[in-house]
1. Hey, with R₀ at 22 Å, roughly what FRET efficiency would Thr43 and Glu67 work out to, going by the Cβ-Cβ distance, to 0.05?
2. For Thr27, what charge total do you get from the other residues with a beta carbon under 9 Å from its beta carbon, if Lys and Arg give +1 and Asp and Glu give -1?
3. What accessible surface, in Å², does a 1.4 Å probe find on Glu66, ignoring ligands, DNA and RNA and rounding to the nearest 10?
4. Would you tally the net charge around Leu38, using a Cβ to Cβ cut-off of less than 11 Å, leaving Leu38 out, and scoring K and R as +1, D and E as -1?
5. Which ³J(HN,Hα) values in Hz, rounded to whole numbers, follow from the phi angles of region 38-47 under the Karplus curve 6.51 cos²θ - 1.76 cosθ + 1.60, where θ = phi - 60° and Gly and Pro get x?
6. Multiply the residue gap between Ala34 and Gln74 by 0.36 nm, knock off their C-alpha separation, and tell me the result in nm, one decimal place.
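The values are calculated or read from the model by the stated rules, or taken from the named source; none is laboratory data. Being a predicted model, the structure only gives us computed values, none of them experimental. Because the Cβ atoms are built from the backbone with ideal geometry, glycine has one as well, and the counts that use them run over all protein chains shown. Surface areas here come from the heavy atoms of the whole protein model, side chains and all, with no ligands, DNA or RNA. Shrake-Rupley method; radii C 1.70, N 1.55, O 1.52, S 1.80 Å.
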Amino acid sequence: PAAPAAPAAPGFSKLGDGACRTESNGTGILALVAVANLRACQTLCATDGACLAIEFRVGVCELHAEEVHAITNQPGTVCFLKDDKEEPESSELNSADHYVPHMTLLTVFLNLYVHSS
């Protein structure tokens, strides 16, 4: 018997059974993370401002930072889209918000290094 379908966590909608694909039918920009279950994968994506979708198979989570439009047949794999898009331009805002703290941190480290030598 097939395993029962995993319900989507709040903030996610299931695109379908299979691997996530971008508009150009590629895998897009993603990060691979070892996880215990689907919920852990969804939690990682929910806390990552750059994450737009997840692909999950047993033990492996793909955090997609590029918009996913379709799925391709891949047994044992499921694709979910992150729901929290309020406005169409929010993905640009999210990515800017995601990188600004990193740049600030980098600047602080560079200043410390220059002043300490």
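1. Efficiency computed from Cβ-Cβ geometry: 0.60.
2. After counting each charged neighbour, the total is -2.
3. 70
4. Result for the local shell: +2.
5. 4, 4, 4, 5, 5, 5, 4, 5, 4, 9
6. Taking Ala34 through Gln74 to full extension adds about 12.6 nm, to one decimal.
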